[in-house]
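Here's the structure, in structure tokens; my notes come after.
The values are calculated or read from the model by the stated rules, or taken from the named source; none is laboratory data. Since the model is a prediction, treat every value here as computed from it, not as a measurement. Cβ coordinates were reconstructed from backbone atoms using ideal geometry, including for glycine residues, and neighbour counts include every protein chain displayed. Heavy atoms of the whole protein, side chains included, go into the accessibility calculation; ligands, DNA and RNA do not. Shrake-Rupley method; radii C 1.70, N 1.55, O 1.52, S 1.80 Å.
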Amino acid sequence: GAGVSQSPRYKVAKRGQDVALRCDPISGHVSLFWYQQALGQGPEFLTYFQNEAQLDKSGLPSDRFFAERPEGSVSTLKIQRTQQEDSAVYLCASSRETSGGAGDTQYFGPGTRLTVL
Amino acid sequence: DQQVKQNSPSLSVQEGRISILNCDYTNSMFDYFLWYKKYPAEGPTFLISISSIKDKNEDGRFTVFLNKSAKHLSLHIVPSQPGDSAVYFCAASSRINDMRFGAGTRLTVKP
């Protein structure tokens with residue numbers, strides 16, 4: 001079946017603009033994650049959904065970042081008033097896991113590369 | 001806080017030889033470890049994993065070894081192929097929403 005898809009693949013924004021990044025997880029996957037990957041670094045956790053419930057948003061760097069998954073499938077990460085330090089690749093991942101344990105594989109999308117000028 | 005470290009940013013090996021990628025972690029609560037492979041302009045792709053109750057897991061050419069006392073894991077690729085050239089990320093977690101990644105090691109397999 002289809003994997004995780006993300007759109008747009010590339011986004012250039014002027015400082016101060018709002019952006020919205022979309023993630024389509026694998027069908028039937030309960031858990032959805034957003035990560036931020038800076039150049040030369042590994043992905044860093046932003047937020048986690050189980051179905052439509054946002055169970056953890058501890059990784060969101062500021063209140064300018066907002067994520068939602070209203071119907072428990074597609075998710076949107078919104079960044080308001082973008083700053084240059086927001087430039088990064090934003091990765092979405094999904095997994096089947098529902099029990100809260102660590103032992104389930106996360107499948108990643110291709111990411112959205114955000115550049116803030 | 002860098003709870004997962006990959007101290008070698010790059011590794012170059014000859015085709016057919018063994019590639020060994022290393023990873024160290026600091027959090028003793030981690031109980032699940034994964035390796036992801038990443039090609040340019042793509043997201044990380046799951047490669048192999050290991051639970052803390054095991055010390056070895058093998059899948060074809062890929063074997064992951066876990067040394068809990070040393071808080072160290074390694075990925076062995078034998079034999080290495082040019083198509084294995086990619087960035088490899090080590091990851092560790094103790095619960096579903098706490099996966100930590102290393103900074104990655106770029107593997108180049110030369111023909």
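Given the options A:PHE108, A:PHE45, A:PHE65, name the one that is surrounded by 15 or more Cβ atoms within 10 Å (Cβ to Cβ), over 22 Å from B:LYS37 (Cα atoms), touching a strand residue (DSSP E or B) at 6+ places or on another chain (Cβ under 7 Å) and of a type in the set (Phe, Trp, Tyr). Talk me through it step by step, then tell me what you get.
Details: A:PHE108 fails: over 22 Å from B:LYS37 (Cα atoms); A:PHE45 fails: over 22 Å from B:LYS37 (Cα atoms).
Step by step, each of A:PHE108, A:PHE45, A:PHE65 is checked, and only A:PHE65 is surrounded by 15 or more Cβ atoms within 10 Å (Cβ to Cβ), over 22 Å from B:LYS37 (Cα atoms), touching a strand residue (DSSP E or B) at 6+ places or on another chain (Cβ under 7 Å) and of a type in the set (Phe, Trp, Tyr).
Among the listed residues A:LEU77, A:LEU55, A:LEU91, which satisfies the condition of being within 24 Å of B:LYS5 (Cβ to Cβ) and either in contact (Cβ under 8 Å) with a residue 24 or more places away in the chain or not in a loop (DSSP other than H, G, I, E, B) (or both)? It would help to see each step written out before you state the result.
Details: A:LEU77 fails: within 24 Å of B:LYS5 (Cβ to Cβ); A:LEU55 fails: within 24 Å of B:LYS5 (Cβ to Cβ).
None of the other options fit; the residue is A:LEU91.
Looking across the range B:97-111, the residues that are assigned to a loop (DSSP other than H, G, I, E, B), under 17 Å from A:GLN36 (Cα atoms) and not hydrophobic (A, V, I, L, M, F, W, C) come down to B:ASN97, B:ASP98, B:GLY102, B:GLY104.
Can you go through A:PHE33, A:PHE45 and tell me which one is in a strand (DSSP E or B), facing another protein chain (nearest Cβ under 8 Å) and touching a residue at least 60 places away in the same chain (Cβ under 8 Å)? Please lay out each step first, then the result.
Numbers: A:PHE45 fails: touching a residue at least 60 places away in the same chain (Cβ under 8 Å).
Matching residue, one of A:PHE33, A:PHE45: A:PHE33.
Between B:GLY16, B:GLY43, the distinction of being in a loop (DSSP other than H, G, I, E, B), surrounded by 15 or more Cβ atoms within 10 Å (Cβ to Cβ) and either away from chain A (no Cβ under 11 Å) or not aromatic (Phe, Trp, Tyr) (or both) belongs to B:GLY43 only.
Please verify whether A:LEU77 is more than 9 Å from chain B (Cβ to nearest Cβ), within 22 Å of B:PHE89 (Cβ to Cβ), open to solvent by less than 20 Å² (accessible area, probe 1.4 Å) and modelled with pLDDT of 95 or more, treating the condition exactly as stated. It would help to see each step written out before you state the result.
Values: more than 9 Å from chain B (Cβ to nearest Cβ): yes; within 22 Å of B:PHE89 (Cβ to Cβ): yes; open to solvent by less than 20 Å² (accessible area, probe 1.4 Å): yes; modelled with pLDDT of 95 or more: yes.
Criteria met by A:LEU77.
Residues that are among the charged types (D, E, K, R) and under 14 Å from the mean Cα position of the chain (by Cα) were ranked within the range B:69-111; the one that is most open to solvent (accessible area, probe 1.4 Å) is B:ARG106.
Can you tell me which residue is nearest to A:LEU114 (Cα to Cα) among those in the range A:60-74 that are in a loop (DSSP other than H, G, I, E, B) and aliphatic (A, V, I, L, M)? Among residues in the range A:60-74 that are in a loop (DSSP other than H, G, I, E, B) and aliphatic (A, V, I, L, M), the one nearest to A:LEU114 (Cα to Cα) is A:LEU60. In this structure, A:GLU85 does not satisfy being in contact with a Ser or Thr (Cβ under 8 Å, 6 or more places away or on another chain), more than 19 Å from A:ALA2 (Cα to Cα), at pLDDT 95 or above and open to solvent by 30 Å² or more (accessible area, probe 1.4 Å).
Go through the range B:70-96 and give me each residue that's part of a loop (DSSP other than H, G, I, E, B) and at pLDDT 95 or above. Let's see the steps before the verdict.
First, pick out the residues of the range B:70-96 that are part of a loop (DSSP other than H, G, I, E, B): B:70-71, B:78-81, B:85, B:94-96.
Once the filter is applied, which keeps residues that are part of a loop (DSSP other than H, G, I, E, B) and at pLDDT 95 or above, the range B:70-96 yields B:ALA70, B:LYS71, B:VAL78, B:PRO79, B:SER80, B:GLN81, B:SER85.
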